[in-house]
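Please read the structure below before turning to the comments.
The values are calculated or read from the model by the stated rules, or taken from the named source; none is laboratory data. Bear in mind the structure is a predicted one, so any value in this text is a computation, not a measurement. Using ideal geometry, Cβ is built from the backbone for each residue, glycine included, and neighbour counts are taken over all protein chains shown. Heavy atoms of the whole protein, side chains included, go into the accessibility calculation; ligands, DNA and RNA do not. Shrake-Rupley method; radii C 1.70, N 1.55, O 1.52, S 1.80 Å.
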Amino acid sequence: MTLYDNPSSTGSARVYYRTEFLDTQEDILFIRYNGCASDPAFPIDAFIEETLALVSSKKPAKIIVDLRYNGEGDSSLAEPMIDGLAVYQRAQGFTLDVLIGERTLSSALMNAVQLKQRSNATLVGTPTGGSVNHFGEVKTFTLPHSGIPVQYSTTFFVMDKSHQGGSLQPHVSVTATVEDLLSGVDTVVQTHIE
C-alpha cells in the first residue's frame, strides 16, 4: 500500500501542516496545509524552511499542495512557501499541483489563487467553497443586552480583477467516487499522480 491509498495520509487530518513523500522513489512531494495558522509546537517558519530545503535537496518531479481542508486563518503565513515553490519550480521544472475543494475557503482560497498567479500550478479537484474575490478580516463584538457574539467582515479582497465572480475553478476536475471512499482511496491524489 502506498500513502495515497491511505486517506489518513492524504485526506483530512488534524494537523496544521506536514510534508511527506508519497512513494519510495521520493519523486512526489505531498504538502498538506490544513490551516492558515502557526502550530506552537512546530512554527510555520520552521515548517516552510524544512519543506523548501527538501525541495532543494531532493528535487522532486512533482509537488502536490493540498488545500482541500483549509478554510481560515492568515493567508500571509504561506506566502514564503508560495514564493519559494515558484522560484524552485522555475529552477527545477517540477510539476506543481494544487488540490482544492468545497472546504477550501477564505485565506486558503487566497493561497490557491496566489499559487496559480505566481507559479505554473495546476488546480485539481472541485470548485472552492468560497469566492475568489470575497469579504474577510473577520472581527467580533458582543451585543450588550443579549450577550450574543456577532461576526462581521471588514475588508473586501480582490484576488483577481478579471474574475467574474464565484468559486475558484480547478483546471482538472476530479470528484471522489463512492467506491473510492468506501475502499479508503483518495480519488483526487490517486487519479492525478498516475
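Mind checking which residues of the stretch 168-184 are touching a residue at least 24 places away in the same chain (Cβ under 8 Å), touching a helix residue (DSSP H, G or I) at 6+ places or on another chain (Cβ under 6 Å) and among the β-branched types (Val, Ile, Thr)?
174, the sole residue that qualifies.
Which condition from (1) buried (at least 20 other Cβ atoms within 10 Å of the Cβ); (2) farther than 14 Å from residue 33 by Cβ; (3) at pLDDT 95 or above is the one that residue 47 breaks?
Every condition holds for residue 47 apart from (2).
Could you tell me which of the residues 147, 165 is more than 15 Å from residue 98 (Cα to Cα), assigned to a loop (DSSP other than H, G, I, E, B) and touching a residue at least 24 places away in the same chain (Cβ under 8 Å)?
Numbers: 147 fails: touching a residue at least 24 places away in the same chain (Cβ under 8 Å).
The conditions single out 165.
Quick one: which helices (runs of 4 or more DSSP H) sit completely within the stretch 25-139 and have at least 3 residues that are touching a residue at least 60 places away in the same chain (Cβ under 8 Å) and under 30 Å from residue 165 (Cα atoms)?
Numbers: elements: 44-58, 79-92, 106-118.
Here the list reads 106-118.
With respect to the numbered conditions (1) in contact with a strand residue (DSSP E or B) (Cβ under 7 Å, 6 or more places away or on another chain); (2) among the hydroxyl-bearing types (Ser, Thr, Tyr); (3) at pLDDT 95 or above; (4) open to solvent by 50 Å² or more (accessible area, probe 1.4 Å), which one is the sole condition not fulfilled by residue 119?
(4)
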